[in-house]
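All remarks here apply to the structure that follows.
Values quoted throughout were computed directly from the atomic coordinates according to the rules given, and no laboratory measurement underlies them. Note that the structure is a prediction, hence the values are computed from the model and not measured. Note that each Cβ is placed from the backbone with ideal geometry, even for glycine, and that neighbours are counted across all protein chains shown.
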Ligand code: 3HC
């Protein structure tokens, strides 16, 4: 017992102040969940307009939660939303806000060079104790971390869309990530009310490594004329218990995101048939049909 107490006593102090870089769907969701669970959050993006939109999305999502949780007490619901929003501030200058943060969560564009440039800048200004993580869905954490001098305090936290609803967070231990950092990230995930799973720094970690080839295989099935989109979706919902069928999920995740992931893996392992490009997916992306967010992907949306 004494040993357990000692080892937990030397652990990192709990993460209280979180900087989320990227006000898109994932970044906003992460900021929301951290704020709901009482963390001080700064959400950073390049323009005030983007940040205003992020705040609007967070408020919209909170209202959906409140509608059910505080169904009979609208005033308490309003108070809850206000309290959560008070935990979130915004900034367009990452370098100035990380000076008093415990954790930086990066959720920006899936581009290695852009991520490296960001972390290289932040590494010089963030305090020594600050942990850096990326929410990348497909890039190696070690490659992103190599732009910094804090390999031991660098890891991955991979969230799922919609972040407020999905209970899982993949916690990634890269080659340089220290056990202390990894433990702090597991504790933080639990403090968010999420369920962590431990992942190695391998392509797609666990979920995307299984989910992306599955979704692409559904597209190939459809391309061969073996089933309609609608039937394949219904089949996987009613026959396998998935909440969304593969085409619905592709549209939800974004066809560009899915293509980006598969293209990256194909480049590294062109002989792996699971990573082969899909002509139909490529065509839709070229036409700007990226899924729900653009109003059309495999399906049309109002
Ligand atoms: N914020 C708050 N609440 C939300 C929400 C959000 N963004 N989205 C959904 N909800 C809640 C609401 O409470 C909603 O109730 P409401 O209609 O009263 O507002 C409730 O969920 C039910 O939502 P819907 O009726 O719209 O639809 P569903 O019952 O189908 O649930 C879903 C929606 C939770 C998204 C469910 O369909 C689902 O789990 N889908 C699969 C999602 C998935 O697989 N995500 C992982 C994608 S992979 C990924 O993200 C990795 C990346 O790297 C690519």
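Mind pulling the per residue volume of the convex hull built on the Cα atoms of the chain? Å³ is fine.
Per-residue hull volume (Cα only) is 167 Å³.
Would you mind checking segment 219-246 for residues with the amide N under 11 Å from a putative spin-label position 7 Å along Cα→C-beta of residue 280?
Answer for this model: 219-233.
Report, in degrees rounded to the nearest 10, the 0 to 90 angle that the Cα long axis of helix 255-268 makes with the longest principal axis of the chain.
Roughly 90 degrees between the two axes.
Note down the nm distance, to one decimal, between modelled labels 7 Å out along Cα→Cβ at residue 221 and at residue 85.
Result for the modelled spin labels: 4.4 nm.
Mind grabbing the base-10 log of I(q)/I(0) for segment 209-292 at q = 0.16 Å⁻¹? Debye formula, identical points on the C-alpha positions, no solvent, two decimal places.
Debye output, listed in q order: -0.58.
Determine the gain in length on full extension of the stretch residue 180-residue 231; use 0.36 nm per residue of separation and subtract their C-alpha separation, reporting nm with one decimal.
Contour length minus Cα-Cα distance gives 13.6 nm.
Give the separation of the Cα centroids, segment 152-181 to segment 33-102, in Å.
That distance is 21 Å.
Quickly rank 29-36, 72-79, 213-220 as a protection proxy: mean count of other C-beta atoms within 10 Å, highest first.
Per-residue Cβ counts within 10 Å, averaged per peptide and sorted highest first, yield 29-36, 213-220, 72-79.
Using the alpha-carbon centroid of each, what span in Å lies between segment 241-302 and segment 186-224?
Cα centres, segment 241-302 to segment 186-224: 15 Å.
Stick to Cα atoms and the Kirkwood definition of Rh, then tell me Rg/Rh for segment 114-223.
1.03
Could you give the nm distance between label points at residue 17 and residue 299, where each point is 7 Å from its Cα heading toward the beta carbon?
Taking the two extended label points, one gets 4.5 nm.
What distance in nm separates the simple spin-label points at residue 46 and residue 59, each placed 7 Å from Cα in the Cβ direction?
2.5 nm
Per-residue counts of other Cβ atoms within 10 Å, averaged by peptide: what ranking do you get for 176-186, 274-284, 14-24, 233-243, highest first?
14-24, 176-186, 274-284, 233-243
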